[in-house]
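Just so it is clear, none of the values below were taken in a lab; they were calculated from the coordinates. Computed from a prediction, not measured in an experiment: that's the story for all the values here. In this analysis, Cβ positions are derived from the backbone assuming ideal geometry, glycine residues included, and neighbour counts consider all displayed protein chains.
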Amino acid sequence: MIRPSDFSSIVVLTGAGISAESGLKTFRDNDGLWEGHRVEEVATPEAFINNPSLVQQFYNTRRQQLQNEAAPNTAHKALAHFQQQYSGSFTLITQNVDNLHEQAGSQNTQHMHGELLKGRCLSTDEIFPWYEDMNEQSLCPCCKSRGNIRPHIVWFGEMPLYMKDIEEQILKCDLLIAIGTSGVVYPAAGFAQLAQAAEACTVELNLEASAVHSDFNHAYYGPATKVVTEFFRT
Ligand code: OAD
């Protein structure tokens, strides 16, 4: 097994698989979130215009589950522990909207698909913490209007966050590790190819081979609590 501490600049990309053993459903596995919902119904700007209460309910349920039922698992913790003692450059990018990396002690996590525990003003785009259910009566703390608020989530058809910074980090890293992501949603699915083109070593840690498994130099398959914990053991 290669050792991350032998590299000087590391980018880690995580997806829903790292939070699966914390009790949060992935999107595309059996019984995943997209099995019970069509993406177009709950995760697009059009859905929010056409049926805001359905969209809000979908994210209210996720927000409640995160706060009431989920806790970081040993994979989140191993990653945070590695980050804390590693002396090189370390960038943690997540597609996850949960805050389990932060709860485990990771810092500067870049949530490229937004954050469940934040809301956004529809008029100003100001972002603020949000822990309760959100609905059409919710008072926006920014503009003080009722209902002028949305979850701080990147929906399909919208641009993921921090892309310029993320691309810069990928182009200068010497190791990119993708954890628990199916490799079907771009641009994140293209990060390994970008890193490989820049001559970085690429590693996949996942339950099974992802859709972009051929973009990785090394792969270790199994549950995140096992493979991530072993990989980042120092
Ligand atoms: P997916 O649900 O597409 O993929 C989850 C991946 O995690 C799969 O490859 C599983 O094999 C793997 N997996 C499941 N359980 C695991 C475990 N215990 N340990 C390790 N791996 C495990 O989730 P993402 O790739 O994160 O976007 O999805 C990407 C984006 O698609 C999400 O951010 C979301 C979704 O639509 C938006 O909502 C914008």
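With the simple model of a label 7 Å out from the Cα in the direction of the Cβ, S5 to N51 spans 5.2 nm. On the basis of the beta-carbon distance and an R0 of 22 Å, E40 and S123 show a calculated FRET efficiency of 0.30. Compute the signed sum of charges (Lys and Arg +1, Asp and Glu -1) over the other residues within less than 11 Å, Cβ to Cβ, of P72. Value of the local net charge: -2. Packing here is the average count of other Cβ atoms within 10 Å per residue, and on that basis the peptides 124-132, 85-93, highest first, run 85-93, 124-132.
Between R146 and K226, full extension at 0.36 nm per residue minus the direct alpha carbon distance yields a gain of 24.2 nm. Under the combined filter of DSSP loop state and at most 12 neighbouring Cβ atoms within 10 Å, segment 60-112 retains none of its trypsin sites (Lys or Arg not before Pro).
The string of couplings for segment 25-32 from the Karplus curve (6.51, -1.76, 1.60, θ = phi - 60°) is 5, 6, 8, 10, 6, 3, 6, x Hz, one whole number per residue in order, with x for Gly and Pro. Applying 0.36 nm per residue to the separation of E158 and N135 and subtracting their alpha-carbon distance, the gain on full extension is 6.2 nm. Round to the nearest 10 and give me the degree value, 0 to 90, for the angle of helix 74-85's Cα axis relative to the longest principal axis of the chain. Value to nearest ten degrees: 70. DSSP assigns beta bridges within the chain; of those with both partners inside it, close to 30 percent run antiparallel.
Report the paramagnetic label zone for D165: residues of segment 98-126 whose backbone N is under 12 Å from a point 7 Å from Cα along the Cα-to-Cβ axis. Label zone hits: 108-112. Per the Debye formula on identical point scatterers at the alpha carbon atoms of segment 80-234, with no solvent, log10 I(q)/I(0) at q = 0.09, 0.11 Å⁻¹ is -0.35, -0.51.
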